[in-house]
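This report concerns only the one structure given below.
Every number here is computed from the coordinates shown, using simple stated rules; none is lab data. These numbers come from a predicted model, not from an experiment. All Cβ positions, glycine included, derive from the backbone under ideal geometry; neighbour counts span all protein chains shown.
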Amino acid sequence: MKVRVLQWVAVSVMVGVLAACASSNSGSVYSRDEARRAQTVKTGVVESVRSVKLEGTKSPVGTIAGGAVGGIAGSSIGGGRGSAIAAVIGAVAGGLAGSAAEEAVTRKNAYEITVKLDGGGLVAIVQEADEEFKAGERVRIVENGGTSRVSH
């Protein structure tokens, strides 16, 4: 019974950690480093919008958490030497599953927004799909260092 409780606690911790790892590539969210910095603004017209996916994060957190959960689950199988072997196999399988789970949980819907600039030229920017854009709309492109955002 205690092992079952530990397994549920470990899974709950893993889910919480993975949720905390989610980062934002939103057009509306700025990092602290981006605050109070001058930004360049360009204007243009949306030429096309295409739905894409932003891959999820791939940090060691998912692997470590999954390995811990798998190791705990594996150690509850059998006894003695068999339990140790099951714990190792469980840890490896859990690590792989945890890594895949982290990537899947933090994956986001996004848009590739192609904009015809007023001064000529064409740019495409990918950002989180938290704001709708349509072909023909006038938009602003806000640039700060290597980061660009499309906004209304």
> Leaving out same-chain residues fewer than 8 places away, which lysines sit with a Cα under 16 Å from that of LYS42?
Replying inline: LYS116
> Where does each of ILE64, ILE85 land when they are ranked from fewest to most other beta-carbon atoms within 10 angstrom?
Replying inline: ILE85, ILE64
> Tell me, what is the FRET efficiency for THR147 and ILE89 to the nearest 0.05, using R0 = 25 angstrom and their Cβ-Cβ distance as r?
Replying inline: 0.05
>> Under the rule a/c < 1.5 gives rounded, and otherwise a/b versus b/c splits prolate from oblate, where does the stretch 81-152 land using the Cα gyration tensor?
In response: prolate
> Along the Cα-to-Cβ line of SER51, 7 Å from the Cα, sits a label point; which residues in the stretch 104-137 have backbone N less than 15 Å from it?
Replying inline: 108-113, 128-134
> Any idea which of GLY94, GLN127, SER83 is furthest toward the positive side of the dipole for the stretch 55-151, if Lys and Arg beta-carbons carry +1 and Asp and Glu beta-carbons -1?
Replying inline: SER83
> Taking Cα centroids, how far is the stretch 137-152 from the stretch 68-82 in Å?
Replying inline: 52
